[in-house]
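Report on one structure; see the data block that follows.
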Amino acid sequence: MTETQEQHLVIVGGGLVGGALACALAPLGLRISLLEARAPAQLQADDRYIALALGSQRILAGLGLWETIAPAAEPIRRIHVSDRGHCAFARIDQAEEGVEALGYVVAARELGQAIGAALARADCVERLSPARLIAHRVEGERVHLDIEDGGRRRHLATRLLVGADGSESRLRDALGARVWTRDYHQVALITRVRASHPQPGTAFERFTASGPLAFLPLPEGRYSVVWTCRPEDSAALLALDESAFLARLQEHFGQRLGELREPGPRSLWPLHLRLARKTTGERLVIIGNAAHQLHPVAGQGFNLGLRDVAALAEALSRSADPGAAPTLADYQRWRGRDALETAWFTDTLARLFIPRFTPLVAARALGMLAVDALPPLRQGLARRFMGCQGRAPRLARGLPLENPHA
Ligand SMILES: Cc1cc2nc3c(=O)[nH]c(=O)nc-3n(C[C@H](O)[C@H](O)[C@H](O)COP(=O)(O)OP(=O)(O)OC[C@H]3O[C@@H](n4cnc5c(N)ncnc54)[C@H](O)[C@@H]3O)c2cc1C
């Protein structure tokens, strides 16, 4: 008979969110297994750049990761929002908010490496990769898991099972949660370019007929580009040679940054909204994309996932039994509103800027000008971009977790 290993916590999914949760909990001395279906080299293949909100930077600092990430992070000091073909625009500036930056742009790969290096130093975290959850069942105060670890079947038992298993989460299905879904019938084309007249520190969000087009600042006049387009157009955009692709991108973005050059590799990401209306069950909780997959307009998905991490770590730090029902209920109450509001915000932005219906286009332009002219509207939007709304967890306030397990 195979031996059963007893853990306090098993996290299924070693992406950015699952990995960050293991980092947050490691100082509490809990015994944790982190299961990741992909091999480490596959995880390193993510070539995206992530717009980190200021609130996320504070959480990463609380996790002790920011020092490693900071040298490669590019500050976002201003955000310029515009509507292609119309003169309306809105600007948000760090100086008005009294902060050093509204956020930072960081390579997903750098984030993954910083998390991986921290976990390598955490004795209480066992990283299993490639490893997969096969089945689980709750018995009394434990969840029993069958896993496949490097081709070998094993059994684990845990007080709490955390699903950080991404947008196709099987643990979300196991919860039986109702899921609010929308297929945007759009894909995001990701690439990088260099600009002849860069505006350091300024991120651009430009709304076009096919969807939003974002330019995130990188060092040395380069930009990470997230171009939302129709699936039927994306294959053609991938197939274009470099100069034809640049010409098309320039036509959509305009001349604000001068001439666009040196395009990087292009990749496509399908876009959906999935919002689980319930994120906890018996000794089970889902976080990150497993709980909410968002449209990347306004770069909110990972930021929201990191706020899940900080809140869950704090809720668990206060409980002797990590899977206790009141602990999970506290967590769900804390996080529900942020997830719902952020999903609503990104979904509205993603859909508002697509129609060409003239009265709506005019209303949209007026809305943008109002945001630019009225400080309270601008500040409301800035706080959302900075991820600073609602009750801030200890980690986001620079405070360590309290540790009843010590
Ligand atoms: C084009 C694009 C641009 C984006 N830009 C931004 C941005 O600028 N800012 C921002 O905040 N967010 C952004 N996002 C969103 C962000 O990328 C995601 O929210 C975030 O990466 C989700 O991380 P996660 O760990 O929850 O999920 P994933 O990254 O999907 O990780 C889930 C992991 O679970 C593993 N897994 C699944 N099933 C199992 C199993 N049974 N056993 C073991 N392991 C399993 C998978 O292999 C995977 O590694 C963007 C998204 C897209 C598509």
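The values are calculated or read from the model by the stated rules, or taken from the named source; none is laboratory data. Just so it is clear, the model here is predicted, and its values are computed rather than measured. Heads up, the Cβs are rebuilt from the backbone with ideal geometry, glycines too, and the neighbour counts pull from every protein chain shown.
Assorted remarks:
- Residue that is nearest to the ligand (Cβ to nearest atom) [pool: residues in region 300-318 that are more than 19 Å from Ala61 (Cβ to Cβ) and small (Gly, Ala, Ser)]: Gly301
- All of (1) among the aromatic types (Phe, Trp, Tyr); (2) in contact (Cβ under 8 Å) with a residue 60 or more places away in the chain; (3) crowded, with 16+ Cβ neighbours inside 10 Å hold for Tyr223 with one exception: (2).
- Long-range neighbours under 8 Å by Cβ, at least six apart or interchain, first residue part of a loop (DSSP other than H, G, I, E, B) within region 141-152, second buried (at least 16 other Cβ atoms within 10 Å of the Cβ): Glu141/Arg159; Glu141/Arg283; Glu141/Gly323; Gly150/Leu128; Gly150/Pro130; Gly150/Ala131
- The residues of region 39-61 that are within 11 Å of the ligand (Cβ to nearest atom) and more than 19 Å from the chain's Cα centre (by Cα), listed by number, are Ala39, Pro40.
- Only residues that are closer than 20 Å to Ala51 by Cα and either of a type in the set (Val, Ile, Thr) or in a loop (DSSP other than H, G, I, E, B) (or both) were counted in region 86-135, giving 9.
- Total residues in region 159-171, condition within 14 Å of the ligand (Cβ to nearest atom) and either closer than 13 Å to His136 by Cα or without any contact (Cβ under 8 Å) to a residue 12 or more places away in the chain (or both): 6
- Filter pass, Arg84 being charged (D, E, K, R), at pLDDT below 95 and away from the ligand (no atom under 11 Å from the Cβ): yes
- Residue count, region 191-204 (criterion: closer than 17 Å to Gln255 by Cβ and either within 12 Å of the ligand (Cβ to nearest atom) or in contact with a Gly (Cβ under 6 Å, 6 or more places away or on another chain) (or both)): 5
- Taken over region 33-53, the criterion of being among the hydroxyl-bearing types (Ser, Thr, Tyr) and part of a loop (DSSP other than H, G, I, E, B) is satisfied by no residue.
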